[in-house]
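Enquirer: Take this structure, written in structure tokens, and hold onto it; I'll ask about it next.
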Amino acid sequence: MPKEFNFLSQLTGSFALAAAGNATVAMIEAAYRHHGLDWRYINCEVTPERLGDAVRGARAMGWAGFNCSLPHKVAVIEHLDGLGESAAIMRAVNCAVRRGDKYVGENTDGKGFLMSLEGVVDPRGKRIVLFGAGGAARALGVELALAGACSISVVNRSPERGAELVGVINDKTPAKAELIVWDRKYKVQPDADIVINATSIGLYPHVDGRLDVDIESLKPAMVVADVVPSPPRTNLIKDAQARGCTIVDGLGMLVNQGVISIKYWTGIDVDATVMRQKLEDIYGE
Ligand code: NDP
């Protein structure tokens, strides 16, 4: 059990619709306990109409910060006092941090993914294939571009969302992006270095099956990553492993975005293995 909690300024948490982040609560509190931090992380169910009130409540109580999940990642911006560099480009915030008397919006999703990826490959100068153009894909696309990726092919079902992400990358980062509308089985080009699923396909493997991708086009020299954290071994991860690719699962991203959030709030570098172990216990991996 956590030690007795004394100060509201040691309070952190998550604002989300429904209790979406129970695994996140367990993961973050495991880190607090492991490091003897007398802090708490509370999952708060917040409806869109009450988001402003929730932020004002956190402000009034002097919370150190909070995460935001769907559907609040964009809407929360109007209630904050400023944005970090990448959050300002992608216009999405999943982590608010109190600095002085101000709340600044950061995005740790893309940074967390990058931290996982950098464990196996340096994205600088690499050619990326990115499936998806939603919130997670925006975070990843912008962070990869800022980290020096040379080109990003955004493969998305809806052309509008895809074009929006391509526009952001081309206008606001040094990387070159192109849109490929995903209306048939996609064959990964042989010179791609890193292939990433940033869609929600894979969350329900028995229902949504597989990405519409020619698995034969995955080559052993490629790194294949998935953002879906549960189950960590998605069909894409299994297929890519069978093809001899280097793989990066979505659990690492979830852990790392938590590590970075805790660093923002407390200033402390926590042990990622304790957090990953907690998630593996929960997800039964
Ligand atoms: P969004 O709803 O914003 O975006 C969903 C994306 O998936 C869109 O690009 C959408 O395409 C695409 N998509 C969904 N279903 C299909 C389908 N059947 N065929 C083709 N494309 C499809 O969701 P998020 O970006 O917020 O989340 C995406 C995933 O990222 C989720 O699984 C979430 O769990 C994961 N995630 C993981 C994190 C981690 O820490 N590991 C952190 C944050 C998110 P279209 O534009 O055409 O609708």
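Enquirer: Output the residues belonging to segment 215-236 that are of a type in the set (D, E), open to solvent by 40 Å² or more (accessible area, probe 1.4 Å) and within 15 Å of the ligand (Cβ to nearest atom).
Expert: Hits for segment 215-236: nothing passes.
Enquirer: Ok, one more. Working carefully through the options G141, G162, find the one that is at pLDDT 95 or above, part of a helix (DSSP H, G or I), within 24 Å of M253 (Cα to Cα) and within 10 Å of the ligand (Cβ to nearest atom).
Expert: Within the list G141, G162, the selection yields G162.
Enquirer: Restricting to segment 100-118, give me the number of residues that are among the hydroxyl-bearing types (S, T, Y), open to solvent by less than 10 Å² (accessible area, probe 1.4 Å) and under 24 Å from R276 (Cβ atoms).
Expert: The number of residues fulfilling the criteria is 1.
Here's the yes/no breakdown for (1) farther than 25 Å from Y186 by Cα; (2) out of contact with any helix residue (DSSP H, G or I) (no Cβ under 6 Å at 6 or more places or on another chain):
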position	(1), (2)
E85	yes, yes
I89	yes, no
N94	yes, no
R99	yes, yes
R138	no, no
G141	no, no
A145	no, no
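Enquirer: Return a yes/no flag: does segment 213-232 have any residue that is under 15 Å from the mean Cα position of the chain (by Cα), outside any loop (DSSP other than H, G, I, E, B) and assigned by TED's automatic domain parsing to the domain that holds V181.
Expert: The answer is yes, given that some residue of segment 213-232 is under 15 Å from the mean Cα position of the chain (by Cα), outside any loop (DSSP other than H, G, I, E, B) and assigned by TED's automatic domain parsing to the domain that holds V181.
Enquirer: So R157 ticks every box in (1) closer than 30 Å to G52 by Cα; (2) within 11 Å of the ligand (Cβ to nearest atom); (3) open to solvent by 60 Å² or more (accessible area, probe 1.4 Å); (4) of a type in the set (D, E, K, R) but one. Which box is left unticked?
Expert: Going through the list (1) closer than 30 Å to G52 by Cα; (2) within 11 Å of the ligand (Cβ to nearest atom); (3) open to solvent by 60 Å² or more (accessible area, probe 1.4 Å); (4) of a type in the set (D, E, K, R), R157 breaks only (1).
Enquirer: For residues that are away from the ligand (no atom under 11 Å from the Cβ) and of a type in the set (D, E, K, R), scanning just segment 237-279, find the one that is least open to solvent (accessible area, probe 1.4 Å).
Expert: D239
Enquirer: I've got another one for you. Quick check on V121: is it away from the ligand (no atom under 15 Å from the Cβ) and touching a residue at least 60 places away in the same chain (Cβ under 8 Å)?
Expert: yes
Enquirer: Quick one: which residue in G258, G244, G252 is modelled with pLDDT under 95 and either outside any strand (DSSP E or B) or of a type in the set (D, E) (or both)?
Expert: Selected residue: G252, the only one of G258, G244, G252 that is modelled with pLDDT under 95 and either outside any strand (DSSP E or B) or of a type in the set (D, E) (or both).
Enquirer: Also: Check T199 against each of (1) within 16 Å of the ligand (Cβ to nearest atom); (2) farther than 27 Å from Q241 by Cα; (3) assigned to a loop (DSSP other than H, G, I, E, B) and name the one condition it does not meet.
Expert: (2)
Enquirer: Another question, if that's okay. Between a first residue in segment 144-162 that is under 17 Å from S86 (Cα atoms) and a second residue that is among the small types (G, A, S) and within 16 Å of the ligand (Cβ to nearest atom), which pairs have beta carbons less than 8 Å apart while being 6 or more apart in sequence or on different chains?
Expert: L144/G110; A145/A177; L146/S86; I152/G141; I152/A177
Enquirer: Would you mention how many residues in segment 78-99 are open to solvent by 30 Å² or more (accessible area, probe 1.4 Å) and either on the phi > 0 side of the Ramachandran plot or assigned to a strand (DSSP E or B) (or both)?
Expert: So the count comes out to 4.
Enquirer: Does segment 32-51 hold any residues that are within 19 Å of E78 (Cα to Cα), in a loop (DSSP other than H, G, I, E, B) and open to solvent by 30 Å² or more (accessible area, probe 1.4 Å), and which are they?
Expert: Of everything in segment 32-51, just one residue is within 19 Å of E78 (Cα to Cα), in a loop (DSSP other than H, G, I, E, B) and open to solvent by 30 Å² or more (accessible area, probe 1.4 Å), namely T47.
Enquirer: How about segment 137-153: which of its residues are within 20 Å of D212 (Cβ to Cβ) and touching an Asp or Glu at 6+ places or on another chain (Cβ under 7 Å)?
Expert: Result: S153, single match.
Enquirer: Looking only at residues that are open to solvent by less than 30 Å² (accessible area, probe 1.4 Å), aliphatic (A, V, I, L, M) and under 15 Å from the mean Cα position of the chain (by Cα) in segment 124-138, which one is farthest from the ligand (Cβ to nearest atom)?
Expert: L130
Enquirer: Now for a different question. For segment 197-210, does any single residue satisfy the condition of being among the polar types (S, T, N, Q) and open to solvent by 40 Å² or more (accessible area, probe 1.4 Å)?
Expert: Among the residues of segment 197-210, at least one is among the polar types (S, T, N, Q) and open to solvent by 40 Å² or more (accessible area, probe 1.4 Å), which makes the answer yes.
Enquirer: Sticking with this one: For segment 52-77, which residues satisfy the criterion of being assigned to a loop (DSSP other than H, G, I, E, B) and within 16 Å of the ligand (Cβ to nearest atom)?
Expert: Within segment 52-77, S69, L70, P71, H72, K73, V74 qualify.
The values are calculated or read from the model by the stated rules, or taken from the named source; none is laboratory data. Just so we're clear, the structure is a prediction, and the values are computed from it rather than from any experiment. So basically every Cβ, Gly included, is an ideal-geometry build from the backbone, and we count neighbours across all protein chains shown. Only protein heavy atoms, including side chains, enter the accessible area calculation; ligands, DNA and RNA are left aside. Shrake-Rupley method; radii C 1.70, N 1.55, O 1.52, S 1.80 Å.
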